Amino acid sequence: MSGSSAALQPPADAVKPVRHPDAPAPGELLGAHYGQCFGCGGEQQHGLHLAARAGEGVSLTAEFTVRPAHQGAPGLAHGGVLATALDETLGSLNWLLRTIAVTGRLETDFVRPVPVGTTLHLEAEVTAVAGRKIYCTATGRIGGPEGPVAVRTDALFIEVKVDHFVEHGRREEIQAAMSDPDRIRRARAFEVNP
């Protein structure tokens, strides 16, 4: 991404990201991290229902189809919805690291309009890690994975402990997620929410 701020440039001592040995295999569908998530949850009527698949290394691909509920200008996706799709895609990368992290900064370039009915094809990867900071980038294309770029972003995620969610989240939802008997779903519920 051209012109991203200095805050999104990894420091000289940053290291190459390492895929966790228990991360989903390349090609595996990641599924929703939380049913009520606007980005990937199936329980959100007007949500994006974004579907992400693990890629090679610390990368993934994702897709979502722009529906009428996602428009800003008549017939076009709202820019905030596109930024949400990028943020959700980038946040899903943390599952490949098996790290709980939240968005610290997200800088997005809107290159071309995305019409309602279009499927946005997203690619994302972690580019560097420095302490608790995770640097990543994503691109959204229309017309297929090789189609023209519509949106792109650079981001910084910050590793946090689950206490971050307990302290700031609504008590009922936190308790419900933490009492889920499925250990994987319980861990994934706290994957990417800020």
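Values quoted throughout were computed directly from the atomic coordinates according to the rules given, and no laboratory measurement underlies them. Just so it is clear, the structure is predicted and the values come from calculations on it, not from any experiment. All Cβ positions, glycine included, derive from the backbone under ideal geometry; neighbour counts span all protein chains shown.
Values for this structure:
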quantity: Per-residue HN-Hα couplings for segment 7-20 [Karplus 6.51, -1.76, 1.60; θ = phi - 60°; Hz; x = Gly/Pro]; calculated: 5, 9, 8, x, x, 4, 8, 5, 10, 5, x, 10, 5, 5
quantity: Highest to lowest packing among 141-148, 118-125, scored as the average C-beta count within 10 Å; calculated: 118-125, 141-148
quantity: Per-bin percent of Cα-Cα distances, segment 5-122 [10 Å]; calculated: 13, 41, 33, 12, 1
quantity: Student exercise, segment 1-157 dipole from Lys, Arg, Asp, Glu Cβ charges, in Debye to nearest 20; calculated: 140
quantity: Selected from H78, L50, A23, residue furthest toward positive end of dipole (segment 1-78; charges at beta carbon); calculated: H78
